[in-house]
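To keep things clear, I will list the structure first and then write my remarks on it.
The values are calculated or read from the model by the stated rules, or taken from the named source; none is laboratory data. Computed from a predicted model, the values in this text were never measured in an experiment. Cβ placement follows ideal geometry from the backbone for every residue including glycine, while neighbour counts extend to all protein chains displayed.
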Amino acid sequence: MAELESMVGDSRVTVEDFRIERGKIEEFARSITEPDPVFREEAVAADRGFDATPAPPTYPRVSRFPRYRPDDLEGYGFDLGFQPEYVLHGEQAYEYERPLQVGDVLTGTTTLETVFQREGGRAGTMTFAVHETEYRDRNDDLVVTDRATVIETSGAVENGDDGEGETAEADAASDEDGETRVPDPVAVETVRSVDDLAAGDAGPRVVVPDLERKHFVKYAGASGDFNPIHYDEPYARDAGNESVFGQGMFTAGVTSRVVTDWFPLAAIDEFGVRFQSQVFPGDTIVATGEVVDRQPDDGVVAVDLEATNQRGETLLTGSATATLED
């Protein structure tokens, strides 16, 4: 740990010439099952007040592609000695100054914020590293801040091994014969004023049923997250997993649809998630949100988010804030 702790506070450029491209935005949106035409059609983007096609909230993940990395830098730019097959993405958070959009060219500087260890039950000793990356445009203006927590375990982690998984009963029910019944999607009108919200209000319900391995492969191709544990069955099993499983950021991308369906994209200030369980082929993702706070004087609304599978098991929890100006 002493060697890791000596790196805390170090910063380095980890992303160069990160060009936000229209085709890549469309590919990424499709990979997270996002149907909103604002991410594909310039006319729709213009109608919503954008100068160019905007990107979904979790799009900064695309900067993982090697072409955006100086000197083939890998990961977050720090050699922590973590074994890739035992590395988990624990938490992810973004703070937005504005949405990314076509034409942006960004540079990312990453700082190792902290490292620490704790015991994780069957996962053994878990080592945590928190990285913060600031993305700036050609004018050196800050566009988005990305905070990622990665965890190295002592072995393969089963759902709930960290003691933090829980089961949500509200959005998954069973028929009399015991078969799981997946809820239907729920759409809501875009909310533009905090006066139209109250604590406890529910947002959209996003449902992505019957996941297949191809969902994880498409997300890998769109995001640059090519960890073979998500698409290589022998590799995943050799690492102690029951099969390949989806990227946490795939589930986060699906969950971000709750926020972008609920509020104007340009109004979103923060989006963050904490990963709890894996999603496997054959699973269904059910993502929901609920208003937990509103500040009428500032127009700020805070919501809690959750994604579960078809059995009601929590995949991730999260939160988001938006500033509604109307």
(message) Condition first: more than 23 Å from residue 99 (Cα to Cα) and surrounded by 19 or more Cβ atoms within 10 Å (Cβ to Cβ). Now tell me which residues in segment 283-305 satisfy that.
(response) 283, 285, 286
(message) For segment 51-67, give me each residue that is among the hydrophobic types (A, V, I, L, M, F, W, C) and surrounded by fewer than 18 Cβ atoms within 10 Å (Cβ to Cβ).
(response) 52, 65
(request) Kindly provide the set of residues from segment 68-124 that are without any contact (Cβ under 8 Å) to a residue 40 or more places away in the chain and surrounded by 19 or more Cβ atoms within 10 Å (Cβ to Cβ), ordered by number. (result) 123
(request) From 271, 280, grab the single residue that is surrounded by 22 or more Cβ atoms within 10 Å (Cβ to Cβ), modelled with pLDDT of 95 or more and outside the structural domain of residue 50 (by TED's automatic domain parsing). (result) 271
(message) Considering only residues that are over 21 Å from residue 88 (Cβ atoms) and either in a strand (DSSP E or B) or in contact with an Asp or Glu (Cβ under 6 Å, 6 or more places away or on another chain) (or both), which ones fall in segment 112-143?
(response) 134, 135, 136, 137, 142, 143
(request) Hey, could you check segment 1-44 for residues that are within 14 Å of residue 103 (Cα to Cα) and part of a loop (DSSP other than H, G, I, E, B) and say which is farthest from the chain's Cα centre (by Cα)? (result) 21
(message) Being under 14 Å from the mean Cα position of the chain (by Cα), more than 14 Å from residue 59 (Cα to Cα) and of a type in the set (Gly, Ala, Ser) is the requirement here; does residue 256 meet it?
(response) no
(request) Test each condition in (1) at pLDDT 95 or above; (2) touching a Leu at 6+ places or on another chain (Cβ under 6 Å) for residue 50 and report the one that comes out false. (result) (2)
(request) Please indicate, with yes or no, whether at least one residue in segment 74-82 is of a type in the set (Gly, Ala, Ser), within 20 Å of the chain's Cα centre (by Cα) and over 22 Å from residue 320 (Cα atoms). (result) yes
(request) Among the candidates 91, 134, 113, 119, single out the residue that is acidic (Asp, Glu), assigned by TED's automatic domain parsing to the domain that holds residue 14 and within 30 Å of residue 51 (Cβ to Cβ). (result) 134
(message) Which numbered condition in (1) hydrophobic (A, V, I, L, M, F, W, C); (2) surrounded by 19 or more Cβ atoms within 10 Å (Cβ to Cβ); (3) within 29 Å of residue 68 (Cβ to Cβ) is the only one that residue 239 fails?
(response) (2)
(request) Just need a number here: residues in segment 68-98 that are touching a strand residue (DSSP E or B) at 6+ places or on another chain (Cβ under 8 Å), charged (D, E, K, R) and not in a loop (DSSP other than H, G, I, E, B). (result) 2
(message) Only one of 53, 111 is more than 18 Å from residue 148 (Cα to Cα) and touching a strand residue (DSSP E or B) at 6+ places or on another chain (Cβ under 9 Å). Can you tell me which?
(response) 53
(request) Have a look at 222, 236 and point out the one that is in a helix (DSSP H, G or I) and under 23 Å from residue 153 (Cα atoms). (result) 236
(request) May I ask you to list pairs of residues, at least six apart or on different chains, whose Cβ atoms are under 7 Å apart, with the first in segment 21-48 being farther than 21 Å from residue 214 by Cβ and the second being part of a loop (DSSP other than H, G, I, E, B) and aliphatic (A, V, I, L, M)? (result) 21/102; 22/102; 45/52
(message) Filter segment 77-113 down to the residues that are small (Gly, Ala, Ser) and farther than 23 Å from residue 315 by Cβ and list them by number.
(response) 77, 81, 103, 108
(request) Having 1 or more residues that are small (Gly, Ala, Ser) and in contact (Cβ under 8 Å) with a residue 60 or more places away in the chain is the bar; report the strands (runs of 3 or more DSSP E) wholly within segment 274-326 that clear it. (result) 285-295, 314-323
(request) State the number of residues belonging to segment 197-219 that are exposed (fewer than 14 other Cβ atoms within 10 Å of the Cβ) and in a loop (DSSP other than H, G, I, E, B). (result) 6
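Yes/no matrix, rows are residues, columns are (1) of a type in the set (D, E, K, R); (2) modelled with pLDDT under 95; (3) outside the structural domain of residue 219 (by TED's automatic domain parsing):
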position	(1), (2), (3)
30	yes, no, yes
41	yes, no, yes
74	yes, yes, yes
99	no, no, yes
105	no, no, yes
108	no, no, yes
123	no, yes, yes
130	no, no, yes
